[in-house]
Amino acid sequence: MTSLRLFYAPGTCSRAVMIALEEAGAEYDKQLVAYMNGEHRMPDYLALNPNGKTPLLIADGEPIHETPAILLYLAKLFPEARLLPLGRGEVRDAQTIAHLIWCGSELHPNVFRIRIPQFFCDHPEGRARQKEMAEDSMHDKFAIIEQRLERGPWFLGEDWSAIDAYLFWVWFRLDGTGFELDRYPRFADHYRRMQERPAVQRAMAVEQSAGLILREQGLMVNFDTFTRGRTPEDFQAQAAAAQSQSVGSSPR
Ligand SMILES: N[C@@H](CCC(=O)N[C@@H](CS)C(=O)NCC(=O)O)C(=O)O
C-alpha cells in the first residue's frame with residue numbers, strides 16, 4: 001500500500017485534496033502547516049515544495065505539489081473511487097484533465113486576487129482595481145460553472161468528481177469577499193449538496209480541529225491582513241502583530 005502524508009492548512013485549497021482522500025477512503029497521515037509560524041517557509045518544507053505552499057502530498061516518500069496534479073494522482077491511485085472519469089479514451093481523458101487544470105490555472109489564481117488582493121498589490125487604489133478586474137473575470141468563469149450545473153447535478157454531469165471538491169473550496173473562499181455569489185443559484189445549491197457528503201463532513205471536521213489548535217496558539221491566519229512574507233520570521237512577526245492588536249482591542 002502506498003504511504004500518503006498530506007500537508008494541509010484549514011481554509012486553504014488543501015481542502016480539495018483532503019476531500020478526495022476521504023472520498024477514496026484512503027489511509028493517510030495529516031500534517032498541519034502553521035503559516036503564521038512560517039512553517040511553509042522553513043528549509044525542510046521548501047526542500048519538499050520550493051513554492052512554500054499547501055497542499056503537498058508525500059506519496060511513498062515522493063513529494064507532489066499542485067492541486068490538479070495531486071488530484072489526478074489520487075484518481076489513478078484509487079481507480080475504484082472514481083475521483084475522475086478516466087480510462088474513457090485519450091481524448092476524453094484529456095478533456096477531463098483540462099477541466100482540472102482549468103480549476104488550477106483559471107479559478108484558483110483569481111480566488112486569491114479577490115480574497116487577498118494585498119498579496120499582489122501594495123498600492124490601495126491598484127489593489128481595489130485589481131480585485132474588481134479579477135471579479136469580472138471570475139464572473140465569466142462562474143457563468144460556465146452555472147451552465148454546466150444546469151445539466152448537472154455535478155460539474156461533469158451525473159457523477160461526482162474531484163473537480164466538485166475543487167469548486168467547493170472556490171465558493172467557500174469567495175464567500176464574504178463581496179463577490180456576488182447570489183448570481184449563481186445552481187452553484188449555491190452545489191455548495192449545499194457538497195456539505196451533505198460524509199467525506200466532506202469528515203474533512204471539515206479535521207479542519208475545524210486544526211483551526212482550534214491554531215486559534216489557541218494565536219496562529220490562525222487572518223486573510224484580511226495576511227501578506228506575502230518570504231521568511232519564517234516575516235510570518236512570526238505578522239502573527240505577533242495580530243496577537244498584540246487583538247489583546248489591545250479586547251474588552252478588559
Ligand atoms: N498552484 C498551487 C497553489 C497552492 C496555493 O496557492 N496554496 C496557498 C493556500 S490556498 C498557499 O499555501 N499559500 C501560501 C503562500 O503563498 O505563501 C496549487 O495548485 O496547489
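Lys/Arg Cβ at +1, Asp/Glu Cβ at -1, dipole of the chain taken about the Cα centre: which of Gln217, Thr96, Ile64 is farthest positive-ward?
Positive-most Cα among the choices belongs to Gln217.
Points 7 angstrom from Cα along the Cβ direction at Thr2 and Leu48: gap in nanometres?
1.6
Once neighbouring chains are kept in place and the probe is 1.4 Å, which whole percent of the accessible area of the chain is contributed by carbon and sulfur?
Carbon with sulfur: 51 percent of the solvent-accessible area.
For the chain, go through all pairs of different Cα atoms, get the mean of 1/r, take its inverse, and jot down that Kirkwood value in Å.
19.2
So for the chain, taking the charge dipole from beta-carbon charges (+1 Lys/Arg, -1 Asp/Glu), which of His40, Pro109, Gln130 sits furthest toward the positive end?
Gln130
Please work out the FRET efficiency for the pair Leu86 and Phe119, using the Cβ-Cβ distance as r and a Förster radius of 25 Å; give the result to the nearest 0.05.
That pair, Leu86 with Phe119, gives E of 0.15.
Place a +1 charge on the Cβ of each Lys and Arg in the chain and a -1 charge on the Cβ of each Asp and Glu, then give the dipole magnitude about the Cα centre in debye, rounded to the nearest 20. Don't skip to the answer; put the middle values down first.
Values: 28 positive and 34 negative charges, 58 e Å.
For the chain, the charge dipole is close to 280 debye.
Between Ile101 and Lys30, what is the FRET efficiency for a Förster distance of 25 Å, r being their Cβ-Cβ separation, to the nearest 0.05?
For R0 = 25 Å, the calculated efficiency reads 0.45.
What accessible area per residue, rounded to a whole number of Å², is obtained for the chain using a probe radius of 1.4 Å?
Each residue of the chain exposes 51 Å² on average to a 1.4 Å probe.
Can you count the Lys pairs in the chain whose Cα atoms are under 27 Å apart, with each pair 8 or more apart or on different chains?
Final tally of qualifying lysine pairs is 6.
The values are calculated or read from the model by the stated rules, or taken from the named source; none is laboratory data. Because the structure is predicted, anything quoted here is derived from the model rather than measured. All Cβ positions, glycine included, derive from the backbone under ideal geometry; neighbour counts span all protein chains shown. All accessible areas refer to the heavy atoms of the entire protein, side chains included, with ligands and DNA or RNA removed. Shrake-Rupley method; radii C 1.70, N 1.55, O 1.52, S 1.80 Å.
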